[in-house]
1. Mind checking which pairs have a first residue in region 171-189 that is closer than 15 Å to Glu150 by Cβ and a second that is of a type in the set (D, E, K, R), Cβ under 7 Å, 6 or more apart or different chains?
2. Pick out the one residue from Ala96, Ala105 that is within 28 Å of Met57 (Cα to Cα) and touching a helix residue (DSSP H, G or I) at 6+ places or on another chain (Cβ under 6 Å).
3. Residues in region 71-89 that are surrounded by fewer than 19 Cβ atoms within 10 Å (Cβ to Cβ) and out of contact with any strand residue (DSSP E or B) (no Cβ under 6 Å at 6 or more places or on another chain): how many?
4. Leu49 passes all but one of (1) within 16 Å of the ligand (Cβ to nearest atom); (2) surrounded by 12 or more Cβ atoms within 10 Å (Cβ to Cβ); which number fails?
5. If you scan region 11-38, which residues turn out to be without any contact (Cβ under 8 Å) to a residue 60 or more places away in the chain and among the aliphatic types (A, V, I, L, M)?
6. Go over the candidates Ala187, Ala138, Ala96, Ala156 one by one and state the one that is touching a Gly at 6+ places or on another chain (Cβ under 7 Å) and not assigned by TED's automatic domain parsing to the domain that holds Leu49.
7. Could you check, for region 208-226, whether at least one of its residues is assigned by TED's automatic domain parsing to the domain that holds Val152 and over 25 Å from Arg175 (Cβ atoms)?
8. Kindly establish whether Arg66 is loosely packed, with under 14 Cβ neighbours inside 10 Å, under 29 Å from the mean Cα position of the chain (by Cα), within 26 Å of Asn253 (Cα to Cα) and without any contact (Cβ under 8 Å) to a residue 24 or more places away in the chain.
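The values are calculated or read from the model by the stated rules, or taken from the named source; none is laboratory data. This structure is a prediction, so every number in the text was calculated from the model and none was measured. Neighbour counts are summed over all protein chains in view; Cβ atoms, including those assigned to glycine, are modelled from backbone coordinates with ideal geometry.
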Amino acid sequence: MRLSQSNRRILMARVPQGLPTPADFSFDEVSITPPNDGEFLSRTILLSLDPYYRNVMKNNPIYAERLVPGDVMIGETVAQIVASRHNDFAVGDYIAVRNGWQEFAVSNGQGVRKLNPARAPLSANLGVLGMPGLTGYAGVIVLSNLKAGETVVVSAATGPVGSTAGQIARLRGARVVGIAGSDEKCAYAINELGFADCVNYKSGDLVAQLNRACPNKIDMYFDNVGGDTLAAVLKNLALHARIILCGMIEAYNMATPPPGPFLGPVVGARATMKGLVVYDHLHLMPELQRVVGDAIRAGTFHYREDISEGLAAAPEAFCRLMRGDNFGKALVRVAAL
Ligand SMILES: NC(=O)c1ccc[n+]([C@@H]2O[C@H](COP(=O)([O-])OP(=O)(O)OC[C@H]3O[C@@H](n4cnc5c(N)ncnc54)[C@H](OP(=O)(O)O)[C@@H]3O)[C@@H](O)[C@H]2O)c1
């Protein structure tokens, strides 16, 4: 190739406020860097645009990548190698590589996947056969404990993550209901992706729509959105439902997390949220009595009580409790022993 050609790049000009605008980006043109030993140069063919870039642009700490104004925008790409001094990569190879928003980039091969264009369209390697597809797949197969016949709801249903999650769930015998932002997207989810139903959250009460679409309630929710959509799903959960917190796109354009418990850190920490009802565990009562009783007697377990005197004190004691003014187990001594 002619290395005299230049490399056009798009940079982050500034951290966006709210929704990104074109003014948040800038453009430059530099000479192409030739590869050193153990490196190759590739020409970007396809650039993947992924919602998480918006989080990287505000330097959300859950991502390893950092961007400061003037940096080339990050991103995964499909590219073809145009010059190589790397033993494992040859000129002409198609690869998935993180070139970012630029026409050419040098790589040492780390994290680079070779692609076979005869096997699938190259573009799919950035979507359902790439990182987003893997996200949807792993969420369903590894995390969701899905059983055939269950009702699965997927938000951002027609995107690469949602459509993979939903279709894998369907192939596993689930009844899949999508949530999407237009009637056109919903029609696609039903007619092309084979979902049993799809609700448009922009057309009316989502809680009621989900209630209608999921008569047996929701056994598994694959959440790509967070916020109001998650809140609506939470009102339609079946017993023992599982929620896969995958993405919170509703908040990505916000400078500060929305009110209420922001569940974004649950994603970063790969944490699991499970519902607890004590009545499911009553058989453990003798064990509790033994273990904690012994520990109290041994002086290795401590507790505190907040005792009000006389039944008449009960209302105020209860109000104190509900104000959080109690300190220890709230009790009312109604009569002497
Ligand atoms: N946890 C992980 O490792 C991981 C990996 C990859 C992606 N993700 C997350 O998975 C989610 C889906 O990613 P994707 O690549 O498949 O994207 P995508 O679905 O192609 O695009 C995002 C979609 O989100 C929906 N959306 C809902 N509320 C929105 C809002 N307030 N603003 C903008 N969009 C909104 C839109 O679809 P509707 O119009 O249908 O609502 C939009 O098309 C994202 O949250 C992403 O960050 C997580």
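1. Ala174/Glu150; Val176/Arg170; Val177/Asp197
2. Of the residues listed, the single one that is within 28 Å of Met57 (Cα to Cα) and touching a helix residue (DSSP H, G or I) at 6+ places or on another chain (Cβ under 6 Å) is Ala96.
3. 3
4. Condition (2) is where Leu49 drops out.
5. If the condition is that a residue be without any contact (Cβ under 8 Å) to a residue 60 or more places away in the chain and among the aliphatic types (A, V, I, L, M), then Ala13, Val15, Ala23, Val30 are the ones that fit.
6. After applying the criteria, what remains is Ala156.
7. No: zero hits.
8. Considered against the rule, which asks whether it is loosely packed, with under 14 Cβ neighbours inside 10 Å, under 29 Å from the mean Cα position of the chain (by Cα), within 26 Å of Asn253 (Cα to Cα) and without any contact (Cβ under 8 Å) to a residue 24 or more places away in the chain, Arg66 comes out as yes.
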